[in-house]
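Presented below is the structure to which this report refers.
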Amino acid sequence: MPASTILSDEKNLIGFDRAMLQDLITDLGEQKFRANQLFQWLYHHGAQDFDAMHNLAKSLRVKLHDAGYYIIRPEIVNHQKSVDGTQKWLLRLSDGNEIETVYIPEKTRGTLCISSQIGCTLNCSFCHTGTQRLVRNLTAGEIVGQVMKVRDELGEWPSPHEQRKISNIVLMGMGEPLYNYDNVARAVKLICDDEGICLSRRRVTLSTSGVVPLIEKVGDELGCVLAISLHAVRDDLRDMLVPINKKWNIDALMQACRTYPGLKNSKRITFEYVMLKDINDSEADARALVQLIAGIPAKINLIPFNPWPGNNYQTSSDEQIKKFAKIVLKAGYASPVRTPRGADIMSACGQLKSSSLHANLQSA
Ligand code: SAH
Ligand code: SF4
């Protein structure tokens, strides 16, 4: 099993859940209900310092401060806006490492794509992030901190009930979320908490390349939407495109999908399928795909390959993507083609990469 431990930026309250805040408050000799107030200030109001927390006694605010606690989000190093309205932030973490976060506004929703690791250990051959070695897992605070920082930037506090600028969150940025399960789980629970950021679990999508043993837990514990980076329908090809397939093959992956807790039409699995010219985009592939997922409530997200420097794959032609989509649709599966967003600022799927180096390399 992959190693996954809670990393703690110990004194930064961003990332603290209710239980942690309760422990902290009782340690300070205060009554438990104060923890709830603190929780709401942090995650519903987006308070950036203790002074803003009017209904907390001054003495408690002073205690928090004197005990060394603070509230910080990742810091913006660079902000880019695409011609299509997509925005990308390069964020610096407290240890100097950097990550990328992308906001994609559409007519009916606004999606924030967040990262779960700095780099990635899995070398999917078509993914830019995969060329960056894993530096480390993000803490829960750094994961939820991306959401909070962008909401600061968009002016979206306190958490609105409707017409949200960030209405959906996808864990599709840098990293494999299920190789950092504990921190991702705590962050998702914070994002979905009714008294905090309060996003519906149906609006949070976790994308995995196929860490099979943890898929059931995602459904049971988090209840969010599951997206599977499938990309190939034969093991020999998937071994090459998504090498984690050598560990957990297509059969094992499909079995985990079929038994995903809570799976029904209203909560379909999204299968992501990158369209690579002459590699996985034939009509025979499309037919094999619908056979493979037969019986699973699902939609297939076709992602035209987003090129990046130094990679030799080509994007399938529009015509081929249409042919492929038609077969999938005819079999009864929605097959939206994911329009690349923000390609001019390298923020489309699989293009994210920060310049943070592996700790060993940095110190070399
Ligand atoms: N690590 C997770 C989530 C991040 S990647 C995962 O692999 O699922 C989000 C999606 O973008 C994945 O489906 C991934 O396979 C896809 N992707 C990666 N590189 C891409 C590229 N160059 N073009 C199009 N999609 C890409
Ligand atoms: Fe990692 Fe996902 Fe990229 Fe694969 S596609 S290298 S799992 S970020």
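What ³J(HN,Hα) values, in whole Hz, does the Karplus curve 6.51 cos²θ - 1.76 cosθ + 1.60 give for the stretch 231-238 when θ = phi - 60°, with x put for Gly and Pro?
Coupling constants for the stretch 231-238: 6, 7, 10, 10, 4, 4, 6, 5 Hz.
Could you tell me which of ILE293, ILE71, SER125 has its Cα farthest along the dipole of the chain towards the positive end, charges placed at Cβ (Lys, Arg +1; Asp, Glu -1), taken about the Cα centre?
ILE293
Name the aspartates and glutamates eligible as straight-distance cross-link partners of LYS88: C-alpha to C-alpha under 18 Å, and not fewer than 8 places from it in the same chain.
GLU75, GLU98, GLU100, GLU106, GLU142, ASP152, GLU153, GLU156, ASP344
Amide H of LEU138: which non-local residues (sequence gap of 5 or more, or other chain) have their own amide H closer than 5 Å, using H built in the peptide plane?
The list, which skips near neighbours in sequence, is GLN117, ILE118.
What part of the accessible area of the stretch 1-148, given as a whole %, is carbon or sulfur when the probe is 1.4 angstrom?
Answer for the stretch 1-148: carbon and sulfur cover 50 percent of the accessible area.
Run the accessible area of the stretch 239-309 with a 1.4 Å probe and give the carbon-and-sulfur part as a rounded percent.
The nonpolar share, carbon plus sulfur, comes to 50 percent.
Determine the sum of side-chain charges near LEU214: Lys and Arg each +1, Asp and Glu each -1, restricted to other residues whose C-beta is under 11 angstrom from that of LEU214.
Net of charged neighbours comes to -4.
Within the stretch 215-276, what is the number of lysine pairs with alpha carbons under 23 Å apart, leaving out pairs fewer than eight places apart on the same chain? List each step's numbers first, then the result.
On the way: LYS217/LYS246; LYS217/LYS247; LYS217/LYS264; LYS217/LYS267.
Counting lysine pairs in the stretch 215-276 gives 4.
Suppose only helical runs count, i.e. DSSP H with n ≥ 4. What mean residue ellipticity at 222 nm does that imply for the chain under -39500 (n - 2.57) per run, divided by all residues and rounded to the nearest 500 deg cm²/dmol?
Roughly -8000 deg cm²/dmol at 222 nm, from the helical runs in the chain.
Under 1.5 on a/c is rounded, so check that first for the stretch 69-228, then, if it is not, pick prolate when a/b is larger than b/c and oblate when it is not; a ≥ b ≥ c are the square roots of the alpha carbon gyration tensor eigenvalues.
rounded
ASP152 to ALA252: FRET efficiency via 1/(1 + (r/R0)^6), r the Cβ-Cβ distance, R0 35 Å, to the nearest 0.05?
0.25
Going Cα to Cα from LYS11, which lysines come in below 22 Å? Please leave out same-chain ones fewer than 8 positions away.
LYS32, LYS58, LYS63, LYS149, LYS189
What does the extension gain come out to for LEU329 and ALA294, with contour length at 0.36 nm per residue minus their alpha carbon separation?
Length gained, LEU329 through ALA294: 11.3 nm.
Rank these residues by their accessible area, most exposed first, probe 1.4 Å: MET346, MET254, MET240.
MET240, MET346, MET254
Can you give the Kirkwood hydrodynamic radius of the stretch 160-285 from its Cα pairs, in Å with one decimal?
Taking every pair of different Cα atoms in the stretch 160-285, averaging 1/r and inverting gives 15.6 Å.
Whole Å is fine, so just give me how far the alpha carbon centre of the stretch 210-289 lies from that of the stretch 50-74.
45 Å
Given the whole protein assembly as supplied and a 1.4 Å probe, what does the accessible area of LYS11 come to in Å², nearest 10?
Accessible area of LYS11: about 70 Å².
Using the heavy atoms of the protein chains and a 1.4 angstrom probe, tell me the accessible area per residue for the chain in square angstrom. Before the final figure, lay out the partial values.
Working: 15920 Å² over 364 residues.
I get 44 Å² per residue for the chain.
Given the stretch 1-121, report the % of alpha carbon pairs whose separation exceeds 26 Å.
38 percent
For the chain, with equal point scatterers placed on the C-alpha atoms only and solvent neglected, what are the log10 I(q)/I(0) values from the Debye formula at q = 0.08, 0.11, 0.12, 0.15 1/Å, to two decimals?
-0.40, -0.75, -0.89, -1.34
For the stretch 257-316, with only Lys/Arg (+1) and Asp/Glu (-1) charged at the beta-carbon, what is the dipole magnitude about the Cα centre, in debye rounded to 20? All intermediate terms of the calculation are to be shown ahead of the outcome.
Working: 7 positive and 5 negative charges, 93 e Å.
Rounded to the nearest 20 debye, it is 440 debye.
Can you tell me the 0 to 90 degree angle between the C-alpha axis of helix 140-154 and the longest principal axis of the chain, rounded to 10?
With both axes taken from Cα atoms, the answer is about 90 degrees.
Calculate how steeply helix 18-27 sits against the longest principal axis of the alpha-carbon atoms of the chain, using the helix alpha-carbon long axis, and give the answer as 0 to 90 degrees to the nearest 10.
Once rounded, the angle reads 20 degrees.
Considering the zone a paramagnetic label at SER94 would reach in this model (a point 7 Å from Cα along the Cα-to-Cβ line), which residues of the stretch 139-179 have amide N under 20 Å from it?
Within reach of a label on SER94: 139-152.
The values are calculated or read from the model by the stated rules, or taken from the named source; none is laboratory data. These numbers come from a predicted model, not from an experiment. Quick reminder, even Gly has a Cβ in these numbers, built from the backbone with ideal geometry, and neighbours come from all protein chains shown. All accessible areas refer to the heavy atoms of the entire protein, side chains included, with ligands and DNA or RNA removed. Shrake-Rupley method; radii C 1.70, N 1.55, O 1.52, S 1.80 Å.
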